[in-house]
1. Going by average Cβ density within 10 Å per residue, which order do the peptides 610-621, 244-255, 198-209 take, highest to lowest?
2. Could you tell me the distance between the Cα centroids of region 144-199 and region 480-539, to the nearest Å?
3. Cross-link list Lys89/Lys495; Lys163/Lys831; Lys163/Lys367; Lys289/Lys367; Lys144/Lys393: which exceed 31 angstrom alpha carbon to alpha carbon?
4. Among rounded, prolate and oblate, which fits region 95-174 when a ≥ b ≥ c are the square roots of the eigenvalues of its C-alpha gyration tensor, a/c under 1.5 means rounded, and a/b larger than b/c means prolate?
5. Through the Karplus equation 6.51 cos²θ - 1.76 cosθ + 1.60, θ set to phi - 60°, convert the phi angles of region 627-639 into ³J(HN,Hα) values in whole Hz; use x for Gly and Pro.
6. Between Gly730 and residues 5 or more places away or on another chain, which pairs have amide H atoms under 5 Å apart, with H built 1.01 Å from N, and which residues are they?
7. If we count every other residue with Cβ under 9 angstrom of Tyr497's Cβ, Lys/Arg +1 and Asp/Glu -1, where does the sum land?
8. Please work out the average accessible area per residue across region 152-216, using the 1.4 Å probe convention, and give it in Å².
Amino acid sequence: MQVRSRILSIMLIVAVLCSGFPLTALKAQDNSVVITVALPNFMANNINDNIISEFEAAYPGVKFKTVDANIGIPDPTFGLDNYYTELEKYVSTADVLMVSANTLAPEGTLAGYYLDLAPLVSEDTTLNSDDFYPAVWQSFQWDKGVWALPFSVDSYVLTYDAKAFDDAGLAYPSEQWTFDDLVNAAKALVQKDADGKVTRAGIDMFSSQADAVLFRSLLGENLFDTSVVPNAPKLDNPTVASILTTWQELETDGVVGRGFNTAPISVSPAFALLLPIATINGEANDAAKRTGLLLPGGKAGLDVNGFAVSAGTQHPKEAYELAKFLTTRPEIANGFSGNPARQSLVGKETGQGIQLNVTQEVQDLVKLSIENGIPLSDMRYLNYVSIAYTKMKGENIEASAALQEAEATAQQNLQAAADKKSSVVINVATPVPDAATTADGRIVLKFGLSSFFVGPDLINKDEWDRVIADFVASDPQVGGVDIKQGMDQLANLLKKYDCVYQPYNAVANADLSTILSLDPFMDADANFDKSDVVGDVLTQLTRDGKIWGYPFTVEPAILKYNADAFNKSGAVAPTTGWTVDEFNNALKTLKINPEDPAPFEDNGTGGNYLLIMMAAYGGIPLDFRTDPPTINYTDPKTVDAIRQVLNLAKDGYLKYTRLGSFLGGAIFVGGAGANQQRATILTETLNAFGISLAAPRGPNGGEGNTVQDTYLATTYPRGTEFTGASYNIGIGLISATAQSPEGCYRFFNAIAKNPKLFQAMPARRSLINNGETSVAQSENLVALYNDFDKLLSDPNTIIFPSQLSGGASPTGFLLQYWLYKAFDAYILDDKDLDTELATAEQNAKDFQECAKSLPPLDATSQETAREYIKAFGECATKVDPSLSAIFSLIK
């Protein structure tokens, strides 16, 4: 799944398995069989005691244990060697495996990595296969095998903006549309400016998966030969070639865009209809309402998740029964995507999380789309068509030739899979018992490493292993550290681990009863110098007069610039930073021809880059130095600064995207923000574990960054009165239930002395310039770190909360939302800036007044959190009725 906003890029925990245990099925002390199931940890939390007890009562002598697993298997079209390497790791983690189209492919089943469930299914008299939606049930069945049991499903449909069709005098879309009908409508709906440049595509595609399901629905036939087993790919199809050729022309001409329901026609997940598109496009709600229907060809795309069984399991029957049992649980089916694979589970409450109100219209469309969905099994080898299309664009070859090459590659890969089967041996790892102590009686710390990093291995694993080994070799109390990587809610992490690393300031909104104050440890630590911590980091980690978080890293918001492009244009490079005037001169030097693209582009800051620059230009529309933030949108000095910055966008120097939305500034994988050609100046954050590039460096950059480019790091421009800045903090927290709080603190000290672990700016000055420990082996970054430290110490520096920081509260988000709507109106809709800012300021102040009466957020239960959100939403919609479309989603 490719939905970044649903955190489908959520990073999953790597299971750390101990090689000291034999690779045989684990037997409990009562001789019962233990079956393991691999789940990302955010799903594993849905496995509660009731589920476990019900299964174990139904299957005496069988117990099950969840294993945190990272599902990072690459597509086989990217190379079989890497595919099989990662696949073998995954199928060795557990008996039962969560799978999807991204992890279960013919290249894996044919090679023997997954158990064929067909014999077990055929003899199972208790399995009601009719309970599954037919297309969903068929999704993991091919080559006469059943490779997984589905548990959840999402669908891809076509959505359209009725107003755009009315304005163009066009008939609304229909599932009976042909490809020509779709093409003609998309061309007619394209919007262009006076110079003929496309300003709004006719159709946008949410992802490459959207392309695939649209093509398959239009095609109406499979791209493989079912008369032979295994089914042979048949991609050299004249209809496919014709579609790809036309599609390439449309994309080149700007008729096809990459975005999320921004064009009059879109192919996107059906759940997108829940989102109030009015707030995304900044239009009146009724005018912007989108309608959904089946794809042209009368079908819908399906994104199915299921449970497979590893070919290496020693207990196939028990593993199959567990997989089947899990498909019956609403906590699993509805908790993952909202649409269960079993019809009997539709509408059943999970009892977990905040539930959404789904309109009857959307419910009906979801049901229709799943009933008319294309099984994943019928989507086989469309990934090779995608490779052919990429080759067409990149190598300028004909569609037929690209398809022939793709078909040959697919056939070669299947043959390689068949040849590999005889040599594949899978050993499912024994679940490691949760050891409390080592052989010498010392404790084993449980350490949770929250990370946005996607990958099969612990990032910097060798470095972590070295640090842990050195630590336990000398620590008198801790004999081992059991480290797990992933992302989950803080409350869940603090229950599972003794201590955790969080890549953001979790102190701001944490339940303080679940963590320990660090003051006693820091006060007793002669080596911890509070004055050594950069900026006001410790202040941000303080609540109620106590320090709760251990500072590891500071992650500055910076700019990076293409040094080659600066040299070629004659622009003066900001090797030691730049002033506002120098920044302006550089932009104008980089873009002399009005037809050239904007030299500056935001890389997903959510609009923060504008606030930082406006401070440098002398204006502070939102001042977060006060609580609540001071609203000052209409002061003449502020308005002048806002206008100067926004005019850079109006004049084509900054690439601007609509921000006044609940997806403002979001960058989707494969979407509008995934740039084919990067701008000369980009916003960046030096994040631990690299949400974007960990450090934009040249060929001499530090280790951990394999991207060799000509981008160098620099700060935002400095102002004469103020300079804006934003940063995030990576911190350590000790659970209130930690078995050894002192051991956690000593481990924190060991981590802090090794900043290479995080590939980010150390939070301690002494480590920034320590050549033995500093991660910053690039002089460019060392200088930047020191400059940023000085910047944080300057009383005229205005700090704006980052998107991840604890200061980025819901209230702050709404205040920015109304401000950004004013920016959108001025830049994109040519409205009067003063009028729009006055409206935004009135909304923001009215909301602040209403929010004064709200009690503090109580996140100790789902019910109290839900009630807070409802009250918060009532204030917001009272001020701005258009927001009711957002807050009405909460039950």
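The values are calculated or read from the model by the stated rules, or taken from the named source; none is laboratory data. Everything numeric in this text was worked out from a predicted model, so none of it was measured. A quick note on method: Cβ atoms are made from the backbone with ideal geometry, for glycine too, and the neighbour counts reach across all protein chains shown. Side chains are part of the model used for accessible areas, which takes the heavy atoms of the whole protein and leaves out ligands, DNA and RNA. Shrake-Rupley method; radii C 1.70, N 1.55, O 1.52, S 1.80 Å.
1. Final packing ranking: 610-621, 198-209, 244-255.
2. First find each Cα centre; the distance between them is then 48 Å.
3. Values: Lys89/Lys495 28 Å; Lys163/Lys831 21 Å; Lys163/Lys367 26 Å; Lys289/Lys367 20 Å; Lys144/Lys393 36 Å.
Over 31 Å Cα-Cα: Lys144/Lys393.
4. In terms of gyration-tensor shape, prolate.
5. 10, x, x, 7, 9, 8, 7, 10, 4, x, 5, 5, 4
6. Result for Gly730 returns Phe552, Thr553, Val554, Glu555.
7. Result for the neighbourhood of Tyr497: +2.
8. Value returned for region 152-216: 41 Å² of accessible area per residue.
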